[in-house]
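Reviewing the structure listed below.
The values are calculated or read from the model by the stated rules, or taken from the named source; none is laboratory data. Bear in mind that the values here come from a model prediction, so they are computed numbers and not experimental data. Here Cβ is always computed from backbone atoms with ideal geometry, including for glycine, and neighbour counts include all displayed protein chains.
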């Protein structure tokens, strides 16, 4: 990056550190912070969407839909995350390729499963074998987002289901006394009021989601923990211009600071949101706010 | 308009068939954590013996190659499910692995494995030995009288010896030598262990065409001495 970095062993420790921290490899680490934040930014709303869908389905009076919603919540909540991340992603990827294979190469006669191998025609590959590396990375990232959204969506569905039931019955009875239909009651009374009951649970989920991002490496995405391990490992002078001992402790210390800082920030934001949501609600918190202002 | 759409669809489909079955881009899967075989250099790219070897093999076989890194633990499952087309990651050819995947001919001699320890008085026959999980060294220790502890990455095996969790590491000698040369307190024990049938490229069993191409390229590099030159340059071990 800097001119004088050409011969690092002649530098004093400050400049050495400056050069060391700007190697192409360290850029990989910095970019991976962006990857993790991007994943969180996309996953959180999609998981909420899955959760909302799941909760609505589970509440449905149409039996098959209700079974589907309840099944989704129970099954995904029960399966260990790591099993889900190892099995589901490969199954999803192969399922998509299998469908494309049936569609694109109907005249293919060889078996798709040959012993251990999963073989589809080249045109059915996802992404195509010819596509550049970034396409593979985007595809992997999209699979990761979908998997995270499904897993965390199930937990969010359970939280929202509980929150919908927690809306005071008097509110719903008043709504029907005003002549609102079920649909109107749901959208105008239940949904606006349920958030205050859902937020503590959703806030917890958000914290867990932040901590779960290192699972990304299972999906072949180079996240911050991968880079911390790779960069912190002992480097001998034969393979790098910047030899150093086992520095993993320092890298993981940095991750610790990052995660703690990020969760602290989240807590502050969640507290403010809670204050906003409590306003005017028929809860103990809402009552306390009213008294304080009166 | 309809004809036009149909026409493009036909072109797109036939283009699809044109490369069905043959590889237009070969994706090379490696670990990137096992110098001098393969590691990530300062620029963040795959480097080392296998990088140079792989690039040369692809040039000889007239293939376009792309490098990807993958965790060692899941390197075989990801090959068979088609996420990349070859494994070129210092993987020794063993019968156990041959049940799942095929190998090209070997491009290194069986590399002697060695023990790395804090002192040369360690009793490796009964002590606690660290190895990387799912390696030939791990199965060798599992069958000996010593206690085996396994780690996901080679780096962690060295750290385990430094902090006293293990008495010694068993790994390829070529991997341990640069560490012993610079580690100060760590020494390589005299005793060598000969396991494995040399390192080869792992390829899906169904992909015989690709395997034969790479085997032919390796044979040609063996014949004109360029492979030996690479082995000497990177300090991999015995030449052919």
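I'd like the full set of residues that are facing chain A (nearest Cβ under 8 Å) and either in a loop (DSSP other than H, G, I, E, B) or at pLDDT below 90 (or both), limited to segment B:28-39. The answer is B:32, B:33, B:35, B:36. One residue alone among B:131, B:105 is part of a loop (DSSP other than H, G, I, E, B) and more than 27 Å from residue A:112 (Cβ to Cβ), and that residue is B:105. Restricting the search to helices (runs of 4 or more DSSP H) fully inside segment A:20-124 and requiring at least 1 residues that are within 11 Å of another protein chain (Cβ to nearest Cβ) and more than 25 Å from the chain's Cα centre (by Cα) gives A:24-59, A:89-104. Of all the criteria given as (1) surrounded by fewer than 18 Cβ atoms within 10 Å (Cβ to Cβ); (2) in contact with a helix residue (DSSP H, G or I) (Cβ under 6 Å, 6 or more places away or on another chain); (3) more than 14 Å from chain B (Cβ to nearest Cβ), the one not satisfied by residue A:247 is (3).
Results for (1) under 19 Å from residue A:82 (Cβ atoms); (2) under 22 Å from the mean Cα position of the chain (by Cα); (3) in a helix (DSSP H, G or I); (4) away from chain B (no Cβ under 14 Å), shown as yes or no for each residue.
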| position | (1), (2), (3), (4) |
| --- | --- |
| A:134 | no, yes, yes, no |
| A:140 | yes, yes, yes, no |
| A:145 | yes, yes, yes, yes |
| A:150 | yes, yes, yes, yes |
| A:154 | yes, yes, yes, yes |
| A:165 | no, no, yes, yes |
| A:176 | no, no, yes, yes |
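The residues of segment B:202-221 that are assigned to a helix (DSSP H, G or I) and without any contact (Cβ under 8 Å) to a residue 24 or more places away in the chain amount to a single one, B:212. Condition first: modelled with pLDDT of 90 or more and not in a helix (DSSP H, G or I). Can you find one or more residues in segment A:180-191 that meet it? Checked against the condition, which is being modelled with pLDDT of 90 or more and not in a helix (DSSP H, G or I), segment A:180-191 yields at least one hit.
What do you reckon, is residue A:258 surrounded by fewer than 17 Cβ atoms within 10 Å (Cβ to Cβ), within 14 Å of another protein chain (Cβ to nearest Cβ), modelled with pLDDT of 90 or more and assigned to a helix (DSSP H, G or I)?
So residue A:258 fails the test.
The residue list A:159, A:89, A:138 contains one member that is closer than 24 Å to residue A:44 by Cβ, modelled with pLDDT under 90 and buried (at least 16 other Cβ atoms within 10 Å of the Cβ), which is A:89. Within segment B:188-204, being surrounded by 17 or more Cβ atoms within 10 Å (Cβ to Cβ) and more than 11 Å from every other protein chain (Cβ to nearest Cβ) holds for B:188, B:189, B:193, B:195, B:196, B:198, B:199, B:200, B:201, B:202.
Of the numbered criteria (1) surrounded by fewer than 15 Cβ atoms within 10 Å (Cβ to Cβ); (2) more than 14 Å from chain A (Cβ to nearest Cβ), the one residue B:233 fails is (2).
Yes/no matrix, rows are residues, columns are (1) more than 11 Å from chain A (Cβ to nearest Cβ); (2) without any contact (Cβ under 8 Å) to a residue 24 or more places away in the chain; (3) under 28 Å from residue A:235 (Cα atoms); (4) assigned to a strand (DSSP E or B):
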| site | (1), (2), (3), (4) |
| --- | --- |
| B:43 | no, yes, yes, no |
| B:50 | yes, no, yes, no |
| B:53 | yes, no, yes, no |
| B:58 | yes, no, no, no |
| B:77 | no, yes, no, no |
| B:82 | no, no, no, no |
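So for segment B:168-178 (the condition being surrounded by fewer than 21 Cβ atoms within 10 Å (Cβ to Cβ), farther than 20 Å from residue B:136 by Cβ and not assigned by TED's automatic domain parsing to the domain that holds residue B:96), does at least one residue qualify? Yes, because at least one residue in segment B:168-178 is surrounded by fewer than 21 Cβ atoms within 10 Å (Cβ to Cβ), farther than 20 Å from residue B:136 by Cβ and not assigned by TED's automatic domain parsing to the domain that holds residue B:96.
Any residue that is in contact with a strand residue (DSSP E or B) (Cβ under 7 Å, 6 or more places away or on another chain), farther than 30 Å from residue B:64 by Cβ and either at pLDDT 90 or above or in a helix (DSSP H, G or I) (or both) - is there at least one of those in segment B:183-200? Looking for residues that are in contact with a strand residue (DSSP E or B) (Cβ under 7 Å, 6 or more places away or on another chain), farther than 30 Å from residue B:64 by Cβ and either at pLDDT 90 or above or in a helix (DSSP H, G or I) (or both), one finds none in segment B:183-200, hence no.
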